[in-house]
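The values are calculated or read from the model by the stated rules, or taken from the named source; none is laboratory data. These figures come from a predicted structure and were not determined experimentally. Ideal geometry is used to build each Cβ from the backbone, glycine not excepted, and the neighbour counts take in all protein chains shown.
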Amino acid sequence: MTTFSEFNLSNEIVKALSNMGFEEPTPIQAQAIPIGLEGKDMIGQAQTGTGKTTAFGVPLLEKINIEEGIQGLVLAPTRELAVQVAEELNRIGQVKGVKTLPIYGGQDINRQIRALKNKPHIIAATPGRLIDHIERKTIRLGNIKMVVLDEADEMLNMGFIEDIERILSEIKGERQTLLFSATMPKRIQTLAEKFMKDPELVKIKAKEMTVKNIEQHYMEVHEKQKFDVLCSLLDIQSPELAIVFGRTKKRVDEVVEGLIKRGYSAEGIHGDIPQAKRDQVIRRFKEQTIDIMVATDVAARGLDISGVSHVYNFDIPQDPESYVHRIGRTGRAGNKGLAVTFVSPREIDHLKIIENVTKSKMIKTPVPSYKDVLAGNQQATINRLIAVIEKNEHNDYKRIAENLLEDTDSVSLLAAALKLLTKDIDVTPVKLTAVEPIRIRKPRSDRDRKRYSDRGRGAGGGRDRREGREGREGRESREARDRRRNRARSK
């Protein structure tokens, strides 16, 4: 099992990754980060949603000297991806103090020029708008140490390859180049041969689902609702053994504390808990001394516990591989299992990616109501009563029951017993620290792609360059070029 601490990263990067809840790298990260840190060129072939941004972001951020100017460049096909990459890199680079600025069409170019005065270290850009800045000399590429081409096949499909070749030609001197692409068409291979030096190939194949015995559901839940919804499901579904997955160590600790407050038998495991304590929790879970275990992905890796009936993804996993691992804790040895994933509205696109990569379909389930929870608690009481009868554990109470029936009818007596035994719905206040939702760029349709321009408003609002090469320049850029030509002729 590989962890981020094994990459010999700086304390600042390790701390930032820990704050984000990243403990174990995804397959693309485990292979790409060491190559990136060694300074080698690399081609990474992996699908969207596999953790590519962190795969190139970690080595890129490690190389940055915060005393210098722009040293890293990430080229992306759309403004959404450029913004998403910048947000991710800013989170990973926050402790170190590395700043990433998104540059894209559709935003006022003068606003971007003002933002460039804050001296960012990395630029995440769409190709057309970056060329506008290069022509204006508002961005200079003389100090670039690493270039990342993200979703290169998408940039090819949108007609950006000539722009990319021009941008790469502008970067003089030694540089490291990382290229990521879901597919490897001939034109991308030619680009790699021209601008990369002996690149290493990392190819990640998506795991297919092999957990046919697991019923998969998801609920669209806002962050503040999650804990109450979890408690409602525990009451309604009455799992024999359940594992609840949280994204961060702090999340695990807070969920465990909240569950105990509301009367559930729960304990947690994560990387900061000593191994002896973790072993004790797992042993108690196997023995069913506790019936709920809350865990991070790393802590639960490799667990083989029979009898786990339910898995709750309190936080959606960061990649499809982790999803497969998590829900695989149930549905073992031919038994049926149920996996429920909580998704915030901003994470629906990420959920769809997990479905596509794992070739599985999750059923959308409504959030349970008060009546649902009450009915669940009542059914749990009935099940307990029947179990006592089946085990003949009630014989010592028969005479008392017969005496009571002399004064009270059987229906009233049983109803009173059910009332006393049924668990009240616990609304003890529990406050959890919010966890940032995972955001993934939503794939665009061809119609959407034609609607937006890479250069956009700040470059004069020219034709969408994705409609053809004649739409390549915005109006303002064309006018500037014409003025230069006229001056040259007059000389």
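What are the pairs with Cβ atoms under 7 angstrom where one residue, in region 56-68, is within 13 Å of LEU9 (Cα to Cα) and the other, located anywhere, is among the small types (Gly, Ala, Ser) and surrounded by fewer than 22 Cβ atoms within 10 Å (Cβ to Cβ)? Sequence gap at least six, or different chains.
Taking only residues 6 or more apart or on different chains, the pairs are GLU62/SER10.
Across region 133-144, what is the number of residues that are of a type in the set (D, E, K, R) and either surrounded by 15 or more Cβ atoms within 10 Å (Cβ to Cβ) or assigned to a helix (DSSP H, G or I) (or both)?
From region 133-144, those of a type in the set (D, E, K, R) are 135-137, 140; that's our starting set.
Now restrict to residues that are either surrounded by 15 or more Cβ atoms within 10 Å (Cβ to Cβ) or assigned to a helix (DSSP H, G or I) (or both): 135-136.
Result for region 133-144: 2.
Select, from GLY44, GLY39, the only residue that is on the phi > 0 side of the Ramachandran plot, assigned by TED's automatic domain parsing to the domain that holds THR177 and of a type outside the set (Asp, Glu). Show your work before the answer.
Numbers: GLY44 fails: on the phi > 0 side of the Ramachandran plot.
Testing whether each residue is on the phi > 0 side of the Ramachandran plot, assigned by TED's automatic domain parsing to the domain that holds THR177 and of a type outside the set (Asp, Glu) leaves just GLY39.
List pairs: first residue in region 87-100 and not assigned by TED's automatic domain parsing to the domain that holds ILE70, second residue buried (at least 19 other Cβ atoms within 10 Å of the Cβ) and assigned to a loop (DSSP other than H, G, I, E, B) anywhere in the structure, Cβ distance under 6 angstrom, at least six positions apart or on different chains.
none
Suppose we filter LEU130, LEU89, LEU116 for residues that are among the hydrophobic types (A, V, I, L, M, F, W, C), buried (at least 24 other Cβ atoms within 10 Å of the Cβ) and either more than 20 Å from GLU436 (Cα to Cα) or in contact with a His (Cβ under 6 Å, 6 or more places away or on another chain) (or both); which single one remains?
Values: LEU89 fails: either more than 20 Å from GLU436 (Cα to Cα) or in contact with a His (Cβ under 6 Å, 6 or more places away or on another chain) (or both); LEU116 fails: buried (at least 24 other Cβ atoms within 10 Å of the Cβ).
Selected residue: LEU130, the only one of LEU130, LEU89, LEU116 that is among the hydrophobic types (A, V, I, L, M, F, W, C), buried (at least 24 other Cβ atoms within 10 Å of the Cβ) and either more than 20 Å from GLU436 (Cα to Cα) or in contact with a His (Cβ under 6 Å, 6 or more places away or on another chain) (or both).
Just checking, how many residues over region 384-417 are under 44 Å from the mean Cα position of the chain (by Cα) and more than 21 Å from GLU240 (Cα to Cα)?
0
Please determine whether any residue of region 97-105 is among the small types (Gly, Ala, Ser), surrounded by 19 or more Cβ atoms within 10 Å (Cβ to Cβ) and over 16 Å from THR54 (Cα atoms).
The initial filter retains those residues of region 97-105 that are among the small types (Gly, Ala, Ser), namely 97, 105.
Then drop every residue that is not surrounded by 19 or more Cβ atoms within 10 Å (Cβ to Cβ), which leaves 105.
Applying the additional criterion that residues be over 16 Å from THR54 (Cα atoms) yields 105.
Within region 97-105, one or more residues are among the small types (Gly, Ala, Ser), surrounded by 19 or more Cβ atoms within 10 Å (Cβ to Cβ) and over 16 Å from THR54 (Cα atoms).
I'd like the residue in region 206-237 that is at pLDDT 90 or above and among the hydroxyl-bearing types (Ser, Thr, Tyr) and, out of all such residues, is surrounded by the most Cβ atoms within 10 Å (Cβ to Cβ).
My answer is TYR218.
Looking at GLU62, GLU80, GLU68, which is the one that is in a helix (DSSP H, G or I) and modelled with pLDDT of 90 or more?
On the way: GLU80 fails: modelled with pLDDT of 90 or more; GLU68 fails: in a helix (DSSP H, G or I).
After applying the criteria, what remains is GLU62.
Just one of (1) part of a loop (DSSP other than H, G, I, E, B); (2) touching a Ser or Thr at 6+ places or on another chain (Cβ under 9 Å); (3) within 16 Å of THR53 (Cα to Cα); (4) not polar (S, T, N, Q) trips up VAL147, so point out which.
Going through the list (1) part of a loop (DSSP other than H, G, I, E, B); (2) touching a Ser or Thr at 6+ places or on another chain (Cβ under 9 Å); (3) within 16 Å of THR53 (Cα to Cα); (4) not polar (S, T, N, Q), VAL147 breaks only (1).
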